[in-house]
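One structure is given here, and the rest of the page talks about it.
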Amino acid sequence: MENKKDDKKSKAQEKFSNQIKNKTARKIQAKEEDAMNLWSSFRTMGMIGWSIVIPTLLGVALGSWLDQSIKGSYSWTVMLLIIGLVVGCLNAWYWVNKEEERMKKEKKEPDKEAGNKKEDDKDE
């Protein structure tokens, strides 16, 4: 009879121990993610900025060269500046959407794992 009580105690202790380990692991992961989110935000702002600036500057450089090479009534610099800006903005928009999809996917994966752990706890 004491064996059954000891088994129940050891299973309960093991379950409690696993719950504590899981909570501790989640807290540590949350702290690490907070630090990574700050750097990730800086990286994202930099990528968005450069994805707009580079095509715009390339458009200005090409337009300036065309204005000097081809004499005409149109300002190639202004036209290519606007085209470069539009291309840069579309590029940034595409990149931000891609990052957002990746973040949503990463956020859903831990939720699925947590759901599986809850089901495993019910089985015990």
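Bear in mind that the values in this text are calculations on the coordinates, not laboratory data. In this text, all values refer to a predicted model and were calculated from it rather than measured experimentally. Glycine gets a Cβ as well: all are built from the backbone with ideal geometry, and neighbour counts include every protein chain shown.
The calculated FRET efficiency for the pair S41 and L85, based on their C-beta separation and a Förster distance of 30 Å, comes to about 0.80.
Relative to the current alpha-carbon distance between E99 and L57, full extension at 0.36 nm per residue lengthens the span by 12.7 nm.
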